[in-house]
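A short worksheet on the structure shown next.
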Amino acid sequence: MFGTMSFLLNSRFVGRYISLLLLVCCVAATVFLLYRPASAPAVPPPELPWLGTSGDAACRLPPLPLNPPELQPLFHHVPPLVCDPAPAWVTVHGSYVNISATARRAHGRVTCQFTDLLLKDDMWAVQGFRSNSEEGYTLKESDFVSVSCTAEDGETWDNIVAGIRKNAAPHALPLSDLPKDHLPVNVLIWGFDSLSRNTFMRKLPRTYAFLRDELHATVLRGYNIVGDGTPQALIPILTGRTERELPDTRRRTWGSQMVNVYPFLWKDFQSDGYVTAFNEDQPDIGTFQYRLRGFNPQPTTHYMRIFFLAASRTYGNNVPYCLRDTPRHKVMSDFVENMYEAYPDRAKFIFSFHCELSHDDINQIEVADADMEAFLQRMKSKGHLDNTVLIVMADHGHRFTAVRSTQQGKLEERLPFFSWTFPTWVRQRYPNVIAALEENVERLTTPFDQYQTLSHLRHWPDGPPPDPSNRAVSLLVPGTAARGCAAAGVEAHWCACLRWLPVSINDSSVVAAARAFEEYVLAEQEREAPGACAPLAVLTVERAELLAPQQDVLRFVSSKDADGFVPDLSGSSVTEQTLQLRLLAAPADRTFEVTVVVEGGGTVRVRHEDISRLDRYGRQARCVEQRMDHMRKLCYCRAEPVEAGLAAPAERRSDILPHDEQAQV
């Protein structure tokens with residue numbers, strides 16, 4: 001023993017011994033890499049810089065080409081929208097509805113009846129004051145009137161029109177009189193339903209070019225959703241929280257509250273001296289009304305839901321997507337312009353969200369491109385954007401179309417369009433703040449961050465108080481480190497920057513995950529709606545992927561040195577696997593995507609919020625959609641519901657008017 005030690009310590013042999021030892025280690029490592037079992041998925045090596053300040057891997061955005069071959073057949077051009085060629089008999093200028101000279105010349109003397117439209121609650125628009133005139137009508141009690149005209153030659157004309165009523169916001173302050181720590185700007189947010197960043201560029205190329213080249217907008221390439229559907233996109237932007245973190249406002253829950261209880265950002269701006277507006281079309285599927293209880297009273301000074309509740313009843317008498325001679329999307333942009341004319345020097349917070357063209361179709365939104373470009377051009381040429389922070393955005397990518405069934409479409413759903421545009425004077429006066437925004441273009445950002453950034457405008461220039469949850473950052477604060485999904489509050493199911501590796505659909509863990517999903521749905525059906533839903537049966541697994549986190553992140557314990565340069569990677573490695581499956585299920589060949597966790601012992605965890613329905617389900621869940629909206633994606637109703645208490649409800653009536661004591665519009 002002592003002789004061996006003497007030999008090793010002999011300086012003449014130390015060098016040879018170390019060389020031999022290194023050679024053996026290299027050979028062993030090579031053999032392991034070449035002959036390891038093929039079933040073990042490769043874990044991608046870490047790429048520097050690989051850590052955000054939170055300790056999880058900083059997001060690396062997936063490369064998403066604009067026109068990949070798999071998506072090209074799904075997109076096509078649509079013909080321009082051609083509305084009624086007959087000119088309107090009335091025009092709106094601010095708060096005045098004028099009978100046009102063109103109508104008088106064409107038809108002789110014209111008499112019109114003007115009827116105010118008022119909001120009884122979020123589901124009912126009712127008639128108010130009524131007046132007859134041969135000249136016009138001044139909006140006083142409502143922004144919206146029903147107009148019915150009769151001409152001397154016997155011709156008639158009617159429509160629902162929108163303007164800005166007088167003296168609606170006596171509290172509104174000039175921008176120059178806002179609180180000292182407030183950036184003196186208007187806030188204008190224009191949102192589209194179901195447009196990924198790529199689809200926005202594909203279908204609205206003129207609008208995108210104007211934003212980029214003329215307005216110098218900052219487009220966030222890593223903007224990532226944090227939940228399923230429009231409420232889970234807009235609620236965090238407007239409140240900084242998720243729906244689950246707020247008081248219960250669901251229709252199906254006994255004792256739930258109206259959505260007014262939410263701490264909406266527009267409340268803060270209104271208390272600062274802003275006039276506010278929230279505009280959304282398609283009242284039958286409203287963001288805060290379809291599942292939630294809606295508002296009562298109306299949430300903002302100006303509120304276009306009243307208009308669309310009444311106007312939607314007339315759609316059958318109009319060219320599709322039109323209201324008389326005007327495209328319906330243009331009605332909303334005209335309303336925004338009217339607000340700027342009515343409040344030229346007053347602070348404004350306006351959120352307009354357009355759904356109709358893009359909610360159910362990936363191509364139809366193209367008809368709004370020229371109008372949207374022209375709207376932005378007018379806003380710029382009139383000087384309205386000189387003191388306005390403009391956000392153009394979408395809630396998420398397409399969820400129910402063939403695009404979503406592709407690998408890229410799945411990622412695009414999670415990466416909607418989001419852009420910020422600041423006035424030139426802000427960019428020049430605060431270059432460090434704008435540089436901070438530009439630093440975040442290629443980073444992961446979320447709706448939580450947009451809330452924090454909007455709040456920054458009220459705490460200028462230093463920024464708002466830190467987010468209590470520590471998941472949100474203002475994009476205007478210099479020096480913010482890049483983050484991964486865990487630090488940013490994005491769950492694995494929605495994270496577009498996670499690395500997924502394909503797994504055989506015959507893998508035992510995939511089979512177990514599919515079986516667990518089926519069992520979970522059957523149990524939920526029996527627990528929530530016994531007898532109402534046809535039993536779900538998985539037909540096939542179409543695709544399976546394994547989340548491949550960076551191994552060093554899982555093994556990281558702490559730093560070995562005082563400077564934090566050398567990591568201690570002595571921790572344990574993977575103790576559970578995250579799988580994502582796309583499944584086809586009976587009845588009706590429904591397509592689902594589910595993210596599950598497979599624990600080390602083989603137990604599979606399935607969560608309701610990690611299940612997505614990829615195909616449109618329409619009225620398949622009619623027997624539960626009113627009382628158990630959370631079951632809509634899981635339930636295919638039997639032809640005749642078994643339990644009387646679960647009988648299919650009557651058609652939704654959120655877009656029709658009362659027939660009793662109130663007059664019809």
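The values are calculated or read from the model by the stated rules, or taken from the named source; none is laboratory data. As the structure is a prediction and not an experimental result, all values here were calculated from the model. Counting neighbours? That spans all protein chains shown, and the Cβs are built from the backbone with ideal geometry, glycine included.
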Answer yes or no as to whether residue 446 is among the polar types (S, T, N, Q), closer than 19 Å to residue 393 by Cβ and at pLDDT 90 or above.
-> yes
Those residues of the stretch 290-322 that are surrounded by fewer than 24 Cβ atoms within 10 Å (Cβ to Cβ), in a helix (DSSP H, G or I) and of a type in the set (Lys, Arg) come to a total of 1
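I'd like to check which helices (runs of 4 or more DSSP H) are fully inside the stretch 358-448 and have at least 2 residues that are touching a residue at least 24 places away in the same chain (Cβ under 8 Å) and among the polar types (S, T, N, Q).
407-413
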For the subset of the stretch 323-354 comprising residues that are touching a helix residue (DSSP H, G or I) at 6+ places or on another chain (Cβ under 7 Å) and over 30 Å from residue 184 (Cα atoms), which member is surrounded by the most Cβ atoms within 10 Å (Cβ to Cβ)?
-> 323
Determine if the stretch 168-179 includes at least one residue that is of a type outside the set (A, V, I, L, M, F, W, C), part of a loop (DSSP other than H, G, I, E, B) and within 30 Å of residue 363 (Cβ to Cβ).
-> no
If residue 474 satisfies every condition in (1) of a type in the set (S, T, N, Q); (2) touching a Cys at 6+ places or on another chain (Cβ under 9 Å); (3) without any contact (Cβ under 8 Å) to a residue 40 or more places away in the chain but one, which is the exception?
-> (2)
Report the residue count in the stretch 92-117 for those that are over 11 Å from residue 137 (Cα atoms), surrounded by 15 or more Cβ atoms within 10 Å (Cβ to Cβ) and out of contact with any Cys (no Cβ under 8 Å at 6 or more places or on another chain).
-> 6
Selection from the stretch 173-217 of residues surrounded by 20 or more Cβ atoms within 10 Å (Cβ to Cβ) and either among the acidic types (Asp, Glu) or not assigned by TED's automatic domain parsing to the domain that holds residue 338 (or both) yields 193
Filter the stretch 241-289 down to residues that are under 24 Å from residue 328 (Cβ atoms) and in a helix (DSSP H, G or I) and give me whichever is nearest to the chain's Cα centre (by Cα).
-> 285
Being of a type in the set (A, V, I, L, M, F, W, C) and surrounded by fewer than 23 Cβ atoms within 10 Å (Cβ to Cβ) is the filter here, so list the residues in the stretch 266-287 that pass it.
-> 266, 285
So which residues in the stretch 263-321 are among the acidic types (Asp, Glu) and either touching a strand residue (DSSP E or B) at 6+ places or on another chain (Cβ under 7 Å) or within 22 Å of residue 243 (Cα to Cα) (or both)?
-> 268, 280, 281, 284
Taking the stretch 492-521 and keeping only residues that are assigned to a loop (DSSP other than H, G, I, E, B), touching a helix residue (DSSP H, G or I) at 6+ places or on another chain (Cβ under 8 Å) and not β-branched (Val, Ile, Thr), one is left with 495, 496, 497, 498, 504
Select from the stretch 392-436 the residues that are in contact with a Phe, Trp or Tyr (Cβ under 6 Å, 6 or more places away or on another chain) and not aromatic (Phe, Trp, Tyr) and write down the one among them that is farthest from residue 269 (Cα to Cα).
-> 414
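To keep it simple, each residue is scored yes or no on (1) assigned to a loop (DSSP other than H, G, I, E, B); (2) touching a Gly at 6+ places or on another chain (Cβ under 6 Å); (3) under 30 Å from residue 435 (Cα atoms).
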| position | (1), (2), (3) |
| --- | --- |
| 475 | yes, no, yes |
| 480 | yes, no, yes |
| 523 | no, no, no |
| 530 | yes, no, no |
Could you tell me whether residue 624 is over 30 Å from residue 117 (Cα atoms), modelled with pLDDT of 90 or more and touching a helix residue (DSSP H, G or I) at 6+ places or on another chain (Cβ under 6 Å)?
-> yes
Could you look through the stretch 449-473, keep only residues that are assigned to a loop (DSSP other than H, G, I, E, B) and of a type in the set (S, T, N, Q), and pick out the one that is surrounded by the most Cβ atoms within 10 Å (Cβ to Cβ)?
-> 469
Out of all the residues in the stretch 260-285, which are touching a residue at least 40 places away in the same chain (Cβ under 8 Å) and among the hydroxyl-bearing types (Ser, Thr, Tyr)?
-> 274, 276
Some residue of the stretch 244-254 being at pLDDT below 95 and hydrophobic (A, V, I, L, M, F, W, C) = yes
Looking at (1) assigned to a helix (DSSP H, G or I); (2) touching a residue at least 12 places away in the same chain (Cβ under 8 Å); (3) farther than 30 Å from residue 244 by Cα; (4) of a type outside the set (Gly, Ala, Ser), can you tell me which one residue 161 breaks?
-> (1)
Note down all Cβ pairs under 6 Å where the first residue falls in the stretch 309-324 and is of a type outside the set (A, V, I, L, M), the second is in a loop (DSSP other than H, G, I, E, B), and they're at least six residues apart or on different chains.
-> 312/655; 321/81; 322/83; 324/84; 324/88
